[in-house]
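**Q** The structure follows.
The values are calculated or read from the model by the stated rules, or taken from the named source; none is laboratory data. Just so we're clear, the structure is a prediction, and the values are computed from it rather than from any experiment. Every residue, glycine as well, gets a Cβ built from its backbone with ideal geometry; the counts of neighbours run over all protein chains shown. Heavy atoms of the whole protein, side chains included, go into the accessibility calculation; ligands, DNA and RNA do not. Shrake-Rupley method; radii C 1.70, N 1.55, O 1.52, S 1.80 Å.
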Amino acid sequence: MAGCCTFRYGTVAALTRSLRVGEQCVRMFEGYRLPKYVCSIIRATPQRSISALGVLRDQEWPVPPFGTHASSPPLARRPSHPLGIIKTSIYEYLQKADPALKTFDDLYPVVTVKANFDDVLVPADHVSRNPNDTYYVSDATVLRCHTSAHQLELLKRGEPAFLITGDVYRRDSIDSTHYPVFHQMEGLRVLGPEDWGSMEPTQYAETQLKQTLEGLAQHLFGSVEMRWVDAYFPFTEPSFELEILFKGEWLEVLGCGVTQQSIVDDGGFAGRKAWAFGLGLERLAMVLFDIPDIRLFWTEDSRFLSQFKAGSMKTKFKPYSKYPPCFKDVAFWLSDSFTENNLCEVVRAVAGDLVEEVKLIDSFTHPKTGKTSHCYRIAYRSMQRSLTDEEINELQWTVRRDIENQLKVELR
Ligand code: FA5
Ligand code: MG
């Protein structure tokens with residue numbers, strides 16, 4: 001375990017050693033690394049689901065700099081955490097309308113590539129399969145990047161109506177509404193001729209789906225401005241996203257659509273129809289409780305946690321600190337392999353939750369050499385305290401060094 005204790009990254013080898021995924025485990029994805037905070041979340045997955053898979057928890061692993069991620073029980077299962085409150089409220093609303101809906105919130109987050117992608121018809125060349133977007137644990141397993149990874153499995157178990165809540169993982173940009181681990185709730189409902197009657201089945205499914213989600217939004221928010229946007233998902237047709245007006249901007253809170261027929265058929269429900277949705281719990285909770293920054297969900301600070309009460313939907317979060325952000329720029333000539341998600345991962349690995357945003361502020365292509373340079377502005381800000389100049393300079397210095405070494409770019 002030495003590698004994991006001393007480096008900011010846990011290697012996949014260390015992770016899988018740590019988890020000991022029984023016999024079936026896991027050819028290493030050569031050279032691939034998971035950030036330590038991701039490892040720690042997997043380790044914090046409750047014993048119940050871990051032992052179901054025959055996985056042992058390794059107690060020696062140190063709490064990482066992003067220590068709160070190792071929190072147990074998981075956030076969405078804490079009744080008085082904002083994610084737990086909103087989950088419970090959504091369950092209550094949807095199950096009242098449809099008592100047949102079953103809930104699942106302890107499905108294990110390491111899933112097969114097949115479940116995460118193939119089973120829901122994600123094409124072989126889809127960007128989400130790229131290790132730049134999804135955390136691979138091995139060449140055959142990933143940290144689920146959406147709760148849709150469990151759709152087919154549950155259909156095949158004979159479940160026609162379910163809600164799944166879980167932590168999902170993505171390499172992504174850094175700002176106040178994106179985080180590399182967040183929570184989704186998946187809903188899926190199989191429909192039969194007894195439902196659609198004389199209506200065209202797809203039309204019926206779409207209408208019922210939108211009514212259900214609009215009703216849910218109204219239940220959560222009362223009157224709020226929202227709009228439907230046409231979307232694309234490989235597993236639904238037609239597909240939509242719902243956006244809600246939040247702090248003057250449209251915020252995407254969920255994706256949904258009428259499930260592709262081959263998934264319904266494959267799941268053992270030939271001749272039926274289904275709709276499905278996947279919503280972002282943090283995004284909804286941010287709107288509901290007025291939480292300005294997604295990092296706050298992970299804090300153990302009682303000034304945050306004590307503001308929320310189980311069952312209470314009326315809370316408006318009162319910020320307890322407004323420490324100023326500190327901005328630092330870094331500019332470099334790109335390499336062929338450069339990606340913004342890699343940059344964000346490097347910055348997050350150094351600065352943890354002290355990084356609030358990483359934003360491209362300038363791009364320049366040299367007329368003679370054809371080389372492109374990017375300048376990124378990094379915003380550092382703590383939610384709990386003011387940062388010293390010294391501390392930020394030190395972080396920025398390490399960020400610059402790691403960017404140069406790990407991304408093979410040339411600093412300017
Ligand atoms: C999906 O993940 C689809 N599986 C949703 C779906 C399910 C569509 C079933 C159709 C049928 P998307 O990538 O758009 O879709 O993510 C869904 C929601 O997750 C988003 O609307 C947003 O609320 C939330 N989300 C996405 N990325 C992040 C992130 N980095 N941080 C926080 N929330 C996020
Ligand atoms: Mg989306």
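**Q** If I model a spin label at Lys368 and Lys328 as a point 7 Å from the Cα along the Cα→Cβ vector, what separation in nanometres do I get?
**A** Placing both labels 7 Å along Cα→Cβ, they lie 3.2 nm apart.
**Q** OK, next. Where the centre of each part is set by its Cα atoms, how far does region 250-291 sit from region 340-401, in angstrom?
**A** Here the answer is 34 Å between Cα centres.
**Q** Pop the C-beta distance of Lys156 and Glu225 into the FRET formula with R0 = 51 Å and round what comes out to the nearest 0.05.
**A** Approximately 0.80, to the nearest 0.05.
**Q** Leaving ligands and nucleic acids out of the surface, order Glu394, Glu345 by accessible area at 1.4 Å, largest first.
**A** Values: Glu394 120, Glu345 15 Å².
Ranking Glu394, Glu345 by accessible area, largest first, yields Glu394, Glu345.
**Q** Here's another thing I want to ask about it. How large is Rg/Rh for region 295-395, to two decimals, with Cα atoms and a Kirkwood Rh?
**A** We get a ratio of 1.12 for region 295-395.
**Q** Gain in length, Thr299 to Ser386, computed as 0.36 nm per residue apart minus the alpha-carbon separation, to one decimal in nm?
**A** Between Thr299 and Ser386, full extension yields an extra 29.7 nm.
**Q** Separate question: Per the Kirkwood treatment, what hydrodynamic radius in Å, one decimal, follows for region 224-312 from the mean inverse distance over all distinct Cα pairs? Walk me through the numbers before you get to the answer.
**A** Values: mean 1/r = 0.0651 Å⁻¹.
In region 224-312 this quantity evaluates to 15.4 Å.
**Q** Okay, next question. Would you please give the FRET efficiency between Ser321 and Ser173, computed as 1/(1 + (r/R0)^6) with r the Cβ-Cβ distance and R0 = 30 Å, to the nearest 0.05?
**A** Details: r = 24 Å, r/R0 = 0.81.
E between Ser321 and Ser173, to the nearest 0.05, is 0.80.
**Q** Karplus couplings for region 77-82 from phi (6.51 cos²θ - 1.76 cosθ + 1.60, θ = phi - 60°), rounded to Hz, Gly and Pro as x?
**A** Whole-Hz 3J(HN,Hα) from phi for region 77-82: 9, 9, x, 10, 7, x.
**Q** To the nearest 10 Å², what's Met383's accessible area with a 1.4 Å probe?
**A** 30 Å²
**Q** Any of Lys316/Lys359; Lys328/Lys368; Lys247/Lys322 with alpha carbons more than 23 Å apart? Name them for me.
**A** With Cα atoms farther than 23 Å apart: Lys316/Lys359; Lys328/Lys368.
**Q** Along Cα→Cβ, 7 Å out, is where each label goes; now give me the distance between the ones at Ser306 and Thr103 in nm to one decimal.
**A** About 2.8 nm, to one decimal.
**Q** Next up: Rank these by accessible area, largest first, 1.4 Å probe: Lys368, Lys156, Lys408.
**A** Lys368, Lys408, Lys156
**Q** Something else now. Mind checking which lysines have their Cα closer than 16 Å to the Cα of Lys309? Skip sequence neighbours fewer than 8 apart in that chain.
**A** Leaving aside lysines fewer than 8 places away in the same chain, those within reach of Lys309 are Lys87, Lys318.
**Q** If the cut-off is a Cα-Cα distance under 20 Å, which aspartates and glutamates reach Lys210, setting aside same-chain residues fewer than 8 apart in sequence?
**A** In chain and number order, the partners are Glu92, Asp98, Glu186, Glu194, Asp195, Glu200, Glu225, Asp230, Glu237, Glu241, Glu243, Glu252.
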